[in-house]
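Asker: This is the structure, below, for whatever I ask next.
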Amino acid sequence: MNVADSELVEALLKRESYKPAPKLEDADAIFVNTCAIREHAEKKVHSQLGRYRKIKLKKKDVIIGVLGCMAQSLKHDLLENKPYVDIILGPDSYRKLPTLLNRNQSDHSSQVDTTLSRFEVYDNLFPSRQVGINAWISIMRGCNKFCTFCIVPFTRGRERSRSMEGIVAEAKQAVADGFVEVTLLGQNVNSYNHNNNKFHYLLDAVAQVPGLKRIRFTSPHPQDVSADMLDTMARHSNICNHIHLPLQAGNNRILKRMNRTYTRNHYLALVRNIRKSLPGVGISTDIIVGFPGETEIEFQDTLEVMNEVKFDSAFMFKYSYRRGTKAAEYEDQIDENEKQNRLGKVIELQKYHTLERNQAFIGREETVLVEKVSKKSANQWAGRTGSNKWVIFNKEDAQIRDMVKVKITKTEGISLQGHLVSQAEAA
Ligand code: SAH
Ligand code: SF4
C-alpha cells in the first residue's frame, strides 16, 4: 500500500517538474511515507528521521516531510519533539504536497494537513511506476470494520472506492507501459463497491484487459468473500489462484473481542468452500498472538485452526498496542515475553505447514511467470505460480515476463525448485 501511495506522491511531484535525487544527501526535500500498523513500523520511521535530522544539521535548507499514516496519529509528537520536520501530510492530503513545498520555501514554519476525506481516491492520478512486472493499483481506501486492535480506520479514514472505469484505464495503461501483472490493493479489497458495482464485477472487468497475464489482489476480509467472487476467480485463468485470508486468531471469544465478525467455524467453512470452488488454490493468512486477554488455552485454538487449514504461508505478529484503539483500553495486556513465546510457536508450526504444502508440488508441472533473476544464481530465474509459490529454475531460453511451464523437483526453504518444460500459453 505504501509503495503504491509513494508512486502517487512521485507522480504529483513529477507533474511539478521535481526530479528524484540520486542520493539522499543530494536531495533538496526528503519525504518518508510512513506506516502506523505496528510499533515496529513506527520505530523504523523514528530512526529514519534521526538520519534525516543529521543531514539537515549540515544542510539547513533541506525540507523534511512525514507522509501517510503516522502523520495522522503522531502529529503532536512530531510538532513538539521533532521541530526539524517541515511538512506533515496524512494519506488523504498528498495533493497538497506541491503547494506546501512552494510555501515552505518562503515561510519556514511547519505545514500540517492530516484531515481525512470521505471522497479522495486519487482517481485521475496515474502513479509514477518503475518499469517492472507487477503494477500496484489502489482500488479502495480506508476501512469501516474497526477491528479493535487496528489503527487503520483512524489513520486512513472511511471506506471509499474508485470508479471501475478509472481502475480499468489504469490497468490498460500499466499493460501499455510493459507490466504484465496487476495487484488490486485495498484495506478490504472485497468490500469494493462503486455505484453498486461490487468487487466481482471489477475483477471480471480487469480480467478482460488485453495483455494482462495475471491479476492478484490483497487483502480480502473473510466476511466479504462471496460466491460471486469465487466464481469470477474460477472463470478467468488470469486471476491468480491465491487468496490471502487473514485469520488473526482461532478462538471465538478472542475473535469477538477483536470484532472480526466471524467465528472459527465460519472461517473453517469458508476455507473448505474456497478449496472446493478453486482446486489447487493457495491460501495464506495473518495471525496475531497475545491479543489482550488471550489465555494459553485460547492461544492453542489458533494453533488448532492452523493445523486444520495448513496455510501455504502466513504473516505472524505479536499484538502491538495502538493508542486510540479499543483494544488499547483493555486492561489485561499480555506480557511481552509471553507474546514472544507464542510467536515462536506459530512461526515454528507454520514452517512445517509450508514445507508440507510445498512438498505436495514435487513432480507437478506448474505455470510460472518469469519475474526476476534468482538471488542464488545469475543463471536462474525466479517466478511465481498462480498460487503464489516462488519457483527457481535454470534460465535456458525463457525471458522475463514469459509464462512458462516448470516441472517441480524439490523444495528449499519457502520456495520450490524445478526445470523448464516449455513456454506456456500466455493467458
Ligand atoms: N484489512 C486487512 C488487514 C490489514 S492490516 C484485514 O483485515 O484482513 C495487516 C495485518 O496487520 C492484519 O491482518 C493484522 O494481522 C496485522 N495487525 C494490524 N494491527 C495490528 C496490531 N495492533 N498488532 C499486531 N498486528 C496487527
Ligand atoms: Fe484493520 Fe483490516 Fe480490521 Fe480494517 S478490517 S480494521 S484494516 S484489520
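Asker: In the structure shown, do any of K276/K407; K276/K310; K75/K326 have a Cα-Cα gap over 23 Å, and if so which?
Answerer: K276/K407
Asker: Using helices alone, I'd like the mean residue ellipticity at 222 nm for the chain: each DSSP H run of four-plus residues gives -39500 (n - 2.57), total over residue count, nearest 500. Intermediate values should be presented prior to the final figure.
Answerer: Numbers: 12 runs with 150 residues, N = 427.
Mean residue ellipticity at 222 nm (helix-derived): -11000 deg cm²/dmol.
Asker: On to the next question. Calculated FRET efficiency, Q48 and A205, Cβ-Cβ r, R0 35 Å, to nearest 0.05? Display every interim value, and only then the final one.
Answerer: On the way: r = 39 Å, r/R0 = 1.11.
Step by step, r from the Cβ atoms, then E = 0.35.
Asker: Using a basic spin-label model with each label point 7 Å from the Cα along Cα→Cβ, how many nm lie between A21 and S377?
Answerer: So the two model labels end up 4.2 nm from each other.
Asker: Taking N as the number of residues in the chain, what value does Rg over Cα atoms divided by 2.2 N^0.38 Å take?
Answerer: 1.02
Asker: Go ahead and run the numbers for FRET between A11 and T295, Cβ-Cβ distance against an R0 of 30 Å, rounding to 0.05. It would help to have the intermediate numbers written out before the result.
Answerer: Numbers: r = 49 Å, r/R0 = 1.63.
Step by step, r from the Cβ atoms, then E = 0.05.
Asker: Would you mind calculating the gained length between V421 and Y321 on full extension (0.36 nm times residue separation, minus the Cα-Cα distance), in nm to one decimal?
Answerer: Extra length available between V421 and Y321 comes to 31.0 nm.
Asker: Another question about this same structure. With each label point set 7 Å from Cα along the Cα-Cβ vector, what nm distance links N337 and R364?
Answerer: Reported label-point gap for N337 and R364 is 4.3 nm.
Asker: Continuing with this model, one more query. Can you tell me which of Q399, Q248, Q187 moves the most in a GNM of the chain? Springs connect C-alpha atoms under 10 Å apart.
Answerer: Q399
Asker: Additional query: Can you tell me the length gained on complete extension of the stretch N273 to I414, counting 0.36 nm per residue apart and subtracting the Cα distance?
Answerer: 48.2 nm
Asker: Sticking with this structure for a sec: Report the extension gain between L355 and E165 in nm, rounded to one decimal, defined as 0.36 nm multiplied by the number of residues separating them, less their alpha carbon distance.
Answerer: My answer for the length gained is 64.3 nm.
Asker: Something else about it: Using the Karplus curve 6.51 cos²θ - 1.76 cosθ + 1.60 with θ = phi - 60°, what ³J(HN,Hα) values do you get for each residue of the range 170-178, in whole Hz, with x for Gly and Pro?
Answerer: Values, residue by residue: 5, 5, 5, 4, 4, 5, 4, 7, x Hz.
Asker: Here's another thing I want to ask about it. Considering only the other residues whose Cβ falls under 10 Å of the Cβ of I139, what net charge follows from Lys and Arg at +1 and Asp and Glu at -1?
Answerer: My count for the surroundings of I139 gives +1.
Asker: Once you list every other residue whose beta carbon is under 11 Å from the beta carbon of I288, what net charge do they have if Lys and Arg are +1 and Asp and Glu are -1?
Answerer: +3
Asker: Quick one: what does P(r) look like for the range 346-427 with 10 Å bins over all Cα pairs, in whole %?
Answerer: Spelled out per bin, shortest first, that is 20, 53, 23, 5, 0.
Asker: Run the numbers on the range 78-145 and let me know its relative contact order in percent, using alpha-carbon pairs under 8 Å that are six or more apart. Before the final figure, lay out each step's value.
Answerer: Details: 44 pairs, mean separation 20.8, N = 68.
RCO, the range 78-145: 31 percent.
Asker: Related question: Counting only other residues whose beta carbon sits under 13 Å from that of K376, what net charge do I get with K and R as +1, D and E as -1?
Answerer: Taking every other residue near K376 into account, the sum is +2.
Asker: Label D28 and E396 with points 7 Å out from Cα along Cα→Cβ: what is the distance between them in nm?
Answerer: Each label point lies 7 Å from its Cα, and together they span 5.3 nm.
Asker: Give me the one-decimal Kirkwood hydrodynamic radius in Å for the range 148-262, with the sum taken over alpha-carbon pairs.
Answerer: 15.3
Asker: OK, next. Over the range 1-135, calculate the relative contact order: mean separation of alpha carbon pairs under 8 Å at least 6 apart, over the residue count, as a percent.
Answerer: Over the range 1-135, the number comes to 27 percent.
Asker: Now for a separate question. Cross-link partners among lysines for K172, C-alpha distance below 27 Å, same-chain residues fewer than 8 apart left out?
Answerer: K14, K19, K198, K213, K372, K389, K405
No value in this document is a laboratory result; all are computed from the given coordinates. Keep in mind that what you see is a predicted model, and the values were worked out from it rather than measured. Heads up, the Cβs are rebuilt from the backbone with ideal geometry, glycines too, and the neighbour counts pull from every protein chain shown.
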